[in-house]
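In what follows, a single structure is set out as structure tokens and then discussed.
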């Protein structure tokens with residue numbers, strides 16, 4: 001069993017839809033949770049970083065962490081074609097200069 | 001300056017060549033990382049430097065040799081690579097505190113012939 005499981009998609013939704021991306025994990029030591037967006041042939045871009053259960057909102061993005069269920073989500077409201085990318089969840093057990101474990105990434109396409 | 005820069009953008013090398021990848025950040029970050037990413041796969045950690053000292057080596061073959069000359073600069077020296085080493089090599093940096101967000105550069109796309 002992988003430490004982090006993420007549905008690879010692809011996921012295709014119409015513009016304006018609410019997108020829900022999810023990851024599950026098995027290692028209860030994970031304390032820090034991230035979502036990265038990666039456009040084709042570019043480096044990953046950090047979207048959200050959280051270290052507690054609950055919700056964190058930033059503009060159109062909401063990250064949700066449920067440590068009891070070992071489940072994290074990223075919601076994108078009012079999705080735009082420019083949101084089309086691969087979304088990677090990531091997590092780590094420690095904070096400073098530590099190893100991040102990435103999910104396999106979900107390819108998202110927003111149809112105009 | 002809020003970005004991580006990497007040079008070169010693209011590199012093609014033969015199996016007998018020696019080359020180096022360069023990464024630079026001017027955000028005052030104290031931790032720097034090398035990742036390898038194959039097509040349609042997530043990044044995989046190779047090395048971590050914390051305060052200019054190597055703190056994590058993920059059992060990377062010795063044909064990859066990292067170097068951290070100062071807190072802003074990270075190099076990856078390449079020698080006698082194999083075609084399967086062709087990938088996107090990503091550098092990242094972070095403050096080194098708690099919490100510790102890692103910011104990635106654009107990567108160097110390496111092709112080994």
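Quick note: the coordinates plus some simple rules give every number you see, no bench work behind them. Everything quoted here is computed from the prediction, not taken from an experiment. We place every Cβ from the backbone using ideal geometry, glycine too, and count neighbours over all the protein chains shown.
With N denoting the number of residues in chain A, provide Rg(C-alpha) divided by 2.2 N^0.38 Å, to two decimal places. Before the final figure, lay out the partial values.
Values: Rg = 13.4 Å, N = 112, 2.2 N^0.38 = 13.2 Å.
Cα-based Rg divided by the globular estimate yields 1.02.
Classify region B:2-47 as rounded, prolate or oblate, taking a ≥ b ≥ c as the square roots of the eigenvalues of its Cα gyration tensor: rounded when a/c is under 1.5, otherwise prolate if a/b is larger than b/c and oblate if not. Write out the running numbers ahead of the final one.
Details: a/c = 2.09, a/b = 1.40, b/c = 1.49.
Since a/c reaches 1.5 but b/c is at least a/b, the shape of region B:2-47 is classed as oblate.
Given N residues in region A:64-112, what is Rg(Cα) / (2.2 N^0.38 Å)? Before the final figure, lay out each step's value.
Details: Rg = 13.6 Å, N = 49, 2.2 N^0.38 = 9.7 Å.
After normalising by residue count via 2.2 N^0.38 Å, the value is 1.41.
Could you check how many percent of all C-alpha pairs in region B:59-113 are farther apart than 19 Å? Display every interim value, and only then the final one.
Working: 574 of 1485 pairs.
Counting every Cα pair in region B:59-113, those more than 19 Å apart make up 39 percent.
Relative contact order for chain B: what is it in percent, counting Cα pairs under 8 Å that are at least 6 residues apart? Please report the intermediate quantities before stating the final value.
On the way: 289 pairs, mean separation 41.3, N = 113.
Value for chain B: 37 percent.
Highest first, please rank the peptides A:41-49, A:1-9 by the mean number of other Cβ atoms sitting within 10 Å of their residues.
Details: A:41-49: 18.4, A:1-9: 14.4.
Ranked by mean Cβ neighbours within 10 Å, highest first: A:41-49, A:1-9.
Take the Cα radius of gyration of chain B and divide it by 2.2 N^0.38 Å, with N its residue count; two decimals is plenty.
Details: Rg = 13.3 Å, N = 113, 2.2 N^0.38 = 13.3 Å.
Relative to the 2.2 N^0.38 Å estimate, chain B comes out at 1.00.
Within a 10 angstrom radius of each residue's Cβ in B:88-98, how many Cβ atoms of other chains show up on average? Whole number is fine.
Numbers: counts 4, 0, 4, 1, 4, 1, 6, 3, 4, 3, 7.
Whole-number average of other-chain Cβ neighbours for B:88-98 is 3.
Would you compute, for the Cα atoms of the protein assembly as shown, the largest minus smallest coordinate along each principal axis and list the three values in descending order, in whole Å?
Computed over the protein assembly as shown, the largest-to-smallest principal extents equal 50, 39, 37 Å.
Please state the shape class of region A:26-71: rounded when a/c is under 1.5, otherwise prolate if a/b exceeds b/c and oblate if not, all from the C-alpha gyration tensor. Could you put the intermediate results ahead of the total?
Details: a/c = 2.85, a/b = 1.55, b/c = 1.84.
Because a/c hits 1.5 or more and a/b fails to exceed b/c, region A:26-71 counts as oblate.
Tell me, what is the percent relative contact order of region A:1-100, built from C-alpha pairs under 8 Å that lie six or more residues apart?
Numbers: 187 pairs, mean separation 34.0, N = 100.
About 34 percent, as a whole number.
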